[in-house]
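In what follows, a single structure is set out as structure tokens and then discussed.
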Amino acid sequence: MSKAEIAFAQVSAIESVYRERDWAFARERAAGINAHWTSLCAQKPSLFDGRVLLMDAWRIEDGVFHTQHFSADFRAFVALRDFGFPDAGVRNCFAAAALVSSDGAFVLGEMGAHTANAGRIYFPCGTPDMGDVRKTSIGFSVDLAGSVLRELEEETGLTRDEVSVDPGWTLVFEGPRVACMQIVRSGLSADALIARIEDFLRNQKEPEFVALHVARKLEDLKPDAMPGFTRAFLTRMLSAHQPG
């Protein structure tokens, strides 16, 4: 897949709905999807085939990002990604906690070898799943704001009581990926925050993060390991605070 262009949008809120549907890609290419999954699991036996949420409609209106999601097996999503996103009507829309220390450093993690994104450096994030679906009076919604804090706690051990969340979102569009970035602030310095998270990781049997990375300036970015949306977001944020 060719390198995707990056686009940004600032929104005050995200409103997401969940609607089940038939997904032709998963049905028509089931044999190839299953074979691909079998091959991946032979290399990474701890991969789990749960249900994840993918986006099939969206719009920005009056400063609000409106999205629509359906559920699919994780194996089908991974195949969609690894096959180059052949279904152009489906996107991977996810929320990420852009974690910032009290002294202004961004803190990210390197994914473990057992994960589907081994070696890549991300903010705490993840494709939303059925645990993010909420029943409402008019149907079902997807709680992407809740997903930010859930992923943060699962991957770093930081709870919602230990951080504050800035209002609004930065959306980073990178081809079939839409990263919904929300600034999450810790009251700890970068050194103390790293120590706090590392202590949590040491006590996990199979942590998603195996190393932590700090970004204070543009030179701290790692182009070979950071996905495009992460580099683009950090470049935007760090450039705004660097002289010149």
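Nothing in this text is a laboratory measurement; each read-out follows from the coordinates by a stated rule. In this text the structure is predicted, and so the values were computed from the model without any measurement. All Cβ positions, even for glycine, are placed from backbone atoms using ideal geometry, and neighbour counts span all protein chains on display.
Given q = 0.30 Å⁻¹, what are the Debye log10 I(q)/I(0) values for the stretch 165-215, with equal point scatterers placed on the Cα positions and solvent ignored?
-1.05
Calculate the spin-label point distance for Gln204 paired with Arg59, positioning each point 7 Å from the Cα along the beta-carbon direction, and give it in nanometres.
Using points 7 Å along Cα→Cβ, the separation is 3.9 nm.
Compute the long axis of helix 144-156 from its Cα atoms, compare it with the longest principal axis of the Cα atoms of the chain, and write down the angle in degrees, 0 to 90, nearest 10.
60
What aspartates and glutamates does Lys135 reach when the alpha-carbon gap must be under 13 Å and sequence neighbours fewer than 8 apart in one chain are set aside?
By straight Cα distance, Lys135 reaches Asp143.
Aspartates and glutamates within cross-link reach of Lys3: Cα-Cα under 13 Å, excluding same-chain residues under 8 positions apart?
Correct list for Lys3: Glu174.
Which value at 222 nm does the chain reach when only helices count, each DSSP H run of 4 or more adding -39,500 (n - 2.57), with the total divided by all residues and rounded to the nearest 500 deg cm²/dmol?
-8000 deg cm²/dmol
What order do you get for Met237, Met181 when you list them from fewest to most C-beta neighbours inside 10 Å?
Arranged by neighbour count, lowest to highest, Met237, Met181 become Met237, Met181.
If one takes the longest principal axis of the Cα atoms in the chain, at what angle in degrees, from 0 to 90 and to the nearest 10, does the Cα axis of helix 30-43 lie?
So the helix axis and the longest Cα principal axis differ by about 40 degrees.
Can you give the angle from 0 to 90° between the axis of helix 190-202 and the longest principal axis of the chain, with both taken from C-alpha atoms, to the nearest 10?
Between the helix axis and the principal axis of the chain, the angle is about 50 degrees.
How long are the semi-axes of the equivalent ellipsoid of the stretch 72-184, taking √(5λ) for every eigenvalue λ of the Cα gyration tensor, in whole Å from largest down?
On the way: eigenvalues 111, 74, 37 Å².
Its equivalent ellipsoid spans semi-axes of 24, 19, 14 Å.
Could you size up the charge dipole of the chain around its Cα centre, putting +1 on the beta carbon of Lys and Arg and -1 on that of Asp and Glu, and report it in debye to the nearest 20?
380
Multiply the residue separation of Arg160 and Asn34 by 0.36 nm, subtract the distance between their alpha-carbon atoms, and state the gained length in nm to one decimal.
So the extension gain works out to 41.6 nm.
Mind checking which of Gly126, Val165, Ser102 is farthest towards the positive end of the chain's charge dipole, using Cβ charges of +1 (Lys, Arg) and -1 (Asp, Glu) about the Cα centre?
Among Gly126, Val165, Ser102, the one farthest towards the positive end of the dipole of the chain is Gly126.
For the stretch 9-146, state what percent of all Cα-Cα pairs lands in each successive 5 Å bin, counting from 0 Å until the bin that includes the largest distance.
Using 5 Å bins, I get a P(r) of 2, 9, 16, 19, 19, 16, 11, 6, 2, 0, 0 for the stretch 9-146.
What are the semi-axes of the equivalent ellipsoid of the chain, taken as the square roots of 5 times the eigenvalues of the Cα gyration tensor, listed largest first and rounded to whole Å? Could you put the intermediate results ahead of the total?
Values: eigenvalues 156, 95, 66 Å².
Computed over the chain, the values are 28, 22, 18 Å.
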